[in-house]
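What follows draws every value from the coordinates through simple rules; no lab data is involved. Please read all numbers here as calculations on a predicted model, not as lab measurements. Cβ: placed from backbone, ideal geometry, glycine included. Neighbour counts: every protein chain shown.
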Amino acid sequence: MKGLAATPVLTMPEPATSIDRRVQEIYNQVATRAYELFQQRGFAHGYHYDDWLQAEAELFQTAPIHIEEEDDKFVVRAEVPGFRPGQVEVKVEPRRVLISGHAEHDKQKTRGQTIYTEGRSTQLFRALNLPTEINPEKAQGSLADGVLQVVLPKATSKAVRLDLKSTAVAA
């Protein structure tokens, strides 16, 4: 086909960890829903970003985020009501934090011999880019009363003075 530019294809490398697999699943879910919205619009071009954002909003709970920067660390707080520690996973990279969660909520009401059950599933995903590098090995996290807190120590980039040693040069 002459005159048509090749459309780049966005691919992701094979996932290495459970959160990487979860990110891949999330990407696929959002892409599928965004394509459905594109179809519903009659394949009208120019709305791909809107379709993507709408798909994310339909599929995932938003988690309000607060990031504080201190001299030596960042403190990230995310509101995740209804999630327990085993339902939230956090991956820390040198310049990014990924928060993923999945919770099943069931309600049961009994009236005599009849049991009425309602259930819902809540999914959460946030990717946070950081302005400077942090040290992922020293990151710490906790989840209490619906608030996830992640402490991210900044990577040290301080100048270091070297002590030079004398070496004898062979003559």
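Modelled spin-label separation between R84 and D145, with each label point placed 7 Å from Cα along the Cα-to-Cβ direction: 2.0 nm.
For K154, the aspartates and glutamates whose Cα falls under 13 Å of its own Cα, not counting residues fewer than eight places away in the same chain, are E68, E69, E70, D71, D72, E93, E133, E137.
Each of E68, E93 was scored by other Cβ atoms within 10 Å of its Cβ. Listed from fewest to most, they are E68, E93.
Arranged by the count of other C-beta atoms within 10 angstrom, fewest first, what order do H48, H102 take?
Working: H48 12, H102 15.
By the 10 Å Cβ count, ascending: H48, H102.
Tell me, K73, K138 in order of fewest to most beta-carbon neighbours within 10 Å?
Numbers: K73 16, K138 13.
Least to most surrounded, the residues fall as K138, K73.
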